[in-house]
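Enquirer: Input: one structure, supplied below.
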Amino acid sequence: MRVLVAGGGISGTVTAMALHRAGHEAVVFEAYPSGGADAGAFLTVMHNGMDALRAIEADGPVVDASFAALGVEVVAPDGGTAGPQEFDDTGRDGPRTLTRATFYRVLQEEAGRRGITVTHGRRLVSAETGPEGVVATFDDGSVESGDVLVGADGLHSVVRTLIDPDAGEPRFTGLTVVYGYTRADSFPAAPGVYRMIRGSRAGFGYTTAPDGATFWFARIQEAERPRDEIAAVTPAQWREFAHEKFAGDPLPCADIIAATGDEVFGGHSYDVPTTRLWSTGRMVLVGDAAHAASPSAGQGASMALEDSVVLALCLRDQPDAPSAFAAYERLRRTRVEKLVAASAGQDVGEERGWVYHHHIDWNARITS
């Protein structure tokens with residue numbers, strides 16, 4: 001089977017590697033000239049995400065390019081702490097932190113080592129399906145044909161609207177997230193843990209990498225602004241915007257932000273709580289194209305990684321694409337929609353073992 005994958009970010013590249021391991025030919029088309037959207041941000045691949053990477057033997061390059069996230073320490077507005085909450089496994093097998101740009105790079109390099117083509121600068125604009133397969137058209141006028149098309153093209157997915165022209169738009173969460181990096185050492189370091197701080201007007205978190213770099217983020221409530229306005233904000237303006245939200249708090253947040261240079265990035269946060277149709281007979285969605293969560297749960301990348309591997313297993317084990325897509329949705333929809341609800345603050349329970357302890361056995365068969 002020849003599979004066209006629209007989107008060369010996390011879910012697209014891992015989907016291609018998983019399909020390759022399952023015996024299919026996968027070709028990736030990335031809209032951006034290099035990397036992908038939100039490349040200035042950073043993320044943590046949680047236990048379940050690392051498990052998905054291990055299922056296709058792709059965890060090694062990610063581990064080598066990242067550092068361990070060993071737990072979380074919650075800090076109250078008055079500076080008091082609740083003590084560190086350690087993750088239940090650590091080191092190479094536990095959660096890992098890295099920048100999105102680095103994640104894209106190592107995944108695409110690993111895909112290349114496996115003989116998978118990742119083409120940049122080709123944005124999908126339309127696709128036609130028929131009895132023989134699917135023909136995709138890109139913004140440069142080129143066309144590609146395959147047996148199926150995987151939409152790994154993110155929040156504003158073209159494939160989602162091809163599957164369902166009436167699909168809803170992503171929902172603004174009410175949060176703007178600002179990310180930054182600094183090597184200043186004028187504040188307490190947080191090696192191996194995420195120090196999560198509840199400021200009087202916004203939330204803040206930071207961790208310190210082994211090389212001394214501090215990775216920080218601020219989650220700030222505000223009204224939605226137009227996309228072009230957000231795109232025009234400069235690093236200095238993002239830094240000023242974040243700094244103002246913590247000025248006067250008896251916490252290190254403002255000092256960390258002030259010590260940051262031009263490595264500051266920001267944007268609105270959106271989620272996709274449910275998508276009515278995940279597939280047609282020849283097209284299917286993975287990752288943020290099907291479901292996207294607020295960053296509060298720290299699971300966007302990990303859930304996308306799970307999708308990628310499970311979809312490949314379904315296409316390996318089911319007799320045809322429609323059967324595979326039905327099995328994939330049956331295995332994934334309830335789980336990911338529960339996670340999106342949790343990240344939006346809805347009441348789905350406090351126990352998160354169902355999230356972290358998810359395991360994918362590559363050798364297990366997907367049955368109907």
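Every number in this text was worked out from the coordinates using simple rules, so none of it is lab data. A quick note: this is a predicted structure, and the numbers were derived from the prediction, not measured. Using ideal geometry, Cβ is built from the backbone for each residue, glycine included, and neighbour counts are taken over all protein chains shown.
Enquirer: Express in nm, to one decimal, how much length is gained between Ala231 and Thr161 on full extension, taking 0.36 nm for each residue of separation and deducting their alpha carbon distance.
Expert: 22.9 nm
Enquirer: Can you run phi through the Karplus equation (6.51, -1.76, 1.60; θ = phi - 60°) for the stretch 171-178 and list ³J(HN,Hα) in whole Hz, with x for Gly and Pro?
Expert: In residue order, the calculated couplings are 9, 5, 7, x, 10, 10, 10, 10 Hz.
Enquirer: If you don't mind, there's one more thing I want to ask. Residues with amide H under 5 Å of Ala127's amide H, sequence separation 5 or more or different chain, H placed in the peptide plane at 1.01 Å from N; which?
Expert: Hits under the 5 Å cutoff: Thr137.
Enquirer: Could you give the length gained on full extension between Arg183 and Ala213, defined as 0.36 nm per residue of separation minus the Cα-Cα distance, in nm?
Expert: Extra length from Arg183 to Ala213 when fully extended: 10.3 nm.
Enquirer: Tell me the angle of helix 321-343 to the major Cα principal axis of the chain, expressed in degrees between 0 and 90 and rounded to the nearest ten.
Expert: Helix 321-343 sits at roughly 10 degrees to that axis.
Enquirer: Can you give the FRET efficiency to the nearest 0.05 for Asp93 and Arg330, using r as the Cβ-Cβ distance and R₀ = 41 Å?
Expert: Once the sixth-power term is evaluated, E becomes 0.90.
Enquirer: Next question, about the same structure. Out of the DSSP beta bridges found with both residues in the chain, what percent are antiparallel (nearest 5)?
Expert: Antiparallel bridges: around 70 percent, rounded to the nearest 5.
Enquirer: By per-residue mean of other Cβ atoms within 10 Å, what is the highest-first order of 278-291, 317-330?
Expert: Going by the mean number of other Cβ atoms within 10 Å, highest first, we get 278-291, 317-330.
Enquirer: For the stretch 47-52, take each phi angle, set θ = phi - 60°, evaluate the Karplus expression 6.51 cos²θ - 1.76 cosθ + 1.60, and give the result in whole Hz per residue in order, putting x for glycine and proline.
Expert: 3, 5, x, 5, 4, 5
Enquirer: Can you work out the FRET efficiency for the pair Val74 and Glu25, with r the C-beta to C-beta distance and R0 = 56 Å, to the nearest 0.05?
Expert: In this case the efficiency is close to 0.75.
Enquirer: Starting from the 7 Å offset along Cα-to-Cβ, what nm value, one decimal, do you get for the label separation of Arg114 and Glu128?
Expert: The two pseudo-label positions are separated by 3.2 nm.
Enquirer: Report the local net charge at Glu144: Lys and Arg +1, Asp and Glu -1, summed over other residues whose C-beta lies under 10 Å from its C-beta.
Expert: Counting the neighbours of Glu144, the net charge comes to +2.
Enquirer: What angle, in degrees between 0 and 90 and rounded to the nearest 10, separates the Cα long axis of helix 235-246 from the longest principal axis of the Cα atoms of the chain?
Expert: The two axes meet at around 60 degrees.
Enquirer: Short version: what are the Cα gyration tensor semi-axes of the chain, square root of 5 times each eigenvalue, largest first, in whole Å?
Expert: Each semi-axis is the square root of five times an eigenvalue, giving 35, 22, 19 Å.
Enquirer: What dipole magnitude, in Debye to the nearest 20, does the chain give about its Cα centre under +1 on Lys/Arg Cβ and -1 on Asp/Glu Cβ?
Expert: Roughly 260 debye for the chain.
Enquirer: To the nearest 500 deg cm²/dmol, what mean residue ellipticity at 222 nm is calculated for the chain from DSSP H runs of n ≥ 4 alone, each contributing -39,500 (n - 2.57), summed and divided by the residues?
Expert: Only helices count here, giving -9500 deg cm²/dmol.
Enquirer: Relative to the first principal axis of the alpha-carbon coordinates of the chain, what is the inclination of helix 100-113, with its axis defined by its Cα atoms, in degrees from 0 to 90 and to the nearest 10?
Expert: With both axes taken from Cα atoms, the answer is about 30 degrees.
Enquirer: Quick one: which residues, 5+ away or cross-chain, put their amide H under 5 Å from the amide H of Phe67? H built at 1.01 Å from N.
Expert: Amide H neighbours of Phe67, under 5 Å, 5+ apart: Thr97.
Enquirer: Something else about it: Just to verify a number: FRET efficiency for Thr367 and Leu277, C-beta to C-beta distance, R0 = 22 Å, to 0.05?
Expert: Calculated transfer efficiency: 0.40.
Enquirer: Additional query: What order, most packed first, do the peptides 223-229, 111-117 have when packing is the mean number of other Cβ atoms within 10 Å of each residue?
Expert: Answer by packing, highest mean first, reads 111-117, 223-229.
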